[in-house]
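The values are calculated or read from the model by the stated rules, or taken from the named source; none is laboratory data. Everything numeric here is computed off the predicted structure, so don't read it as measured data. Using ideal geometry, Cβ is built from the backbone for each residue, glycine included, and neighbour counts are taken over all protein chains shown. Heads up: the accessible areas ignore ligands, DNA and RNA and are worked out on the full protein's heavy atoms, side chains in. Shrake-Rupley method; radii C 1.70, N 1.55, O 1.52, S 1.80 Å.
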Amino acid sequence: NALKSIEEAIEAHVPDLLNRYASFRQLGTSDYFDPNADPNDQAARRDAMEMAKNNMIKKSYAHETVNKACFKLVRYGEYPSALYAAGAATTLIGADGFATISLSRAFVTETILSLSLGDVVGADRNFLETHLQKDSYLKSRECKLAEDLIRAVKDMDGDALEEARSASGSNSAALANLGDSSLRGLVKNLRVSGRAARGPAPSSTSGAARTTASRPQQQKKAPPRPTASATGAATAPVTATAGTAATAPAPPKRNMLEGAELQTSLDA
């Protein structure tokens, strides 16, 4: 189905071994995962990691195609898969070693999606242990937005959350420059407890959400989503990890969507 094809295409760009959010993949199994592999075999782990690095797409702007997949998944309400895609995009952007505005946007996207899944602990941990290790991110407006959102949700402070996402507040520039209007709609749907409201996807011309945190009584059940068989669970079974890396030869060529093919799938 469409969701499975998009997730396979994401791994075709960034193998799951290199994606910090590989456990949020909802369908299929990584080609780099061998359930029979010895988790204590250090040589196998190194070989699999090297293979994954060699197979990662390194073309310029490859992250933009993955980001389009991420935003489309947000519109469909497939937040776990969207976070999986966001992790892949961050890996691609960070691979060149340069600190860019694209990397700052990728980091805040991860934070927003983690909060939308109700995972404030994971959002805070990755913010502190990964995002803040980039000095350039510390000075960015995206960093302030992420920090304000995390603090408001951790403290269960509704007023602080409203201030953090106010279109006229101190984070207005960061909100206006998020990668896609669907993310702005998702920020509007964040709540101080639990997940973001899962209403209809925001329209492409407006960042306003159909449902806000301040009016829970107006929430409606989401209509059937365009993609099939996704569970919407906060997390999916963990796929590949460094400790269970495969020693098999290069992954088989599957009918994956890459580059222009992925773009065609997203436009469908």
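Over segment 64-200, what is the mean sequence separation of C-alpha contacts under 8 Å (at least six apart), divided by residue count, expressed as relative contact order in percent?
The normalised contact order for segment 64-200 reaches 26 percent.
Rank ASP124, ASP155 by accessible area, highest first, at a 1.4 Å probe radius?
Largest accessible area first, the residues go ASP155, ASP124.
Please report how far the C-alpha centroid of segment 119-178 lies from that of segment 84-104, rounded to the nearest whole angstrom.
Spelled out, the Cα-based centre of one part sits 18 Å from the other.
Listed highest first by mean packing, meaning other Cβ atoms within 10 Å per residue, what order do 81-92, 24-35, 40-51, 55-66 come in?
81-92, 24-35, 55-66, 40-51
Could you tell me which of the pairs LYS4/LYS154; LYS72/LYS188; LYS58/LYS139 are separated by over 22 angstrom between their Cα atoms in the structure shown?
Over 22 Å apart, Cα to Cα: LYS4/LYS154; LYS58/LYS139.
Please calculate how many Å² of accessible area segment 43-132 carries per residue, with a 1.4 Å probe and no DNA, RNA or ligand atoms counted.
Per-residue value: 39 Å².
Please find the FRET efficiency linking LYS53 to ASN1, where r is the Cβ-Cβ separation and R0 is fixed at 30 Å, and quote it to the nearest 0.05.
Efficiency computed from Cβ-Cβ geometry: 0.50.
FRET efficiency for SER193 and SER168, Cβ-Cβ distance as r, R0 = 30 Å, nearest 0.05?
Calculated value: 0.75.
For ALA95 and LEU138, calculate 0.36 nm times their separation in residues minus their Cα-Cα distance, and state this gained length in nm to one decimal.
Contour length minus Cα-Cα distance gives 13.6 nm.
How high is the FRET efficiency from THR29 to ALA176, r the C-beta distance, R0 45 Å, rounded to 0.05?
It comes to 0.70.
Which residue, SER136, ALA123, MET156, has the largest displacement toward the positive end of the dipole of segment 112-158 when charges sit on each Cβ (Lys, Arg +1; Asp, Glu -1)?
Checked the options; the winner is SER136.
Relative contact order of segment 97-159: what whole-number percent is it, with Cα pairs under 8 angstrom and at least 6 residues apart?
Relative contact order of segment 97-159: 40 percent.
Whole-Hz Karplus ³J(HN,Hα) for segment 150-162, in order, using 6.51 cos²θ - 1.76 cosθ + 1.60 and θ = phi - 60°, x for Gly and Pro?
So the Karplus estimates, Gly and Pro as x, are 4, 4, 4, 6, 4, 7, 6, 9, x, 5, 5, 5, 4 Hz.
Between VAL121 and MET156, what is 0.36 nm times their sequence separation minus the Cα-Cα distance? Round to one decimal in nm.
Gain on stretching VAL121 to MET156: 11.3 nm.
State whether segment 96-178 is rounded, prolate or oblate according to the following rule on the C-alpha gyration tensor (a ≥ b ≥ c being the square roots of its eigenvalues): a/c under 1.5 gives rounded; otherwise a/b larger than b/c gives prolate, and the remaining case gives oblate.
Because a/c hits 1.5 or more and a/b fails to exceed b/c, segment 96-178 counts as oblate.
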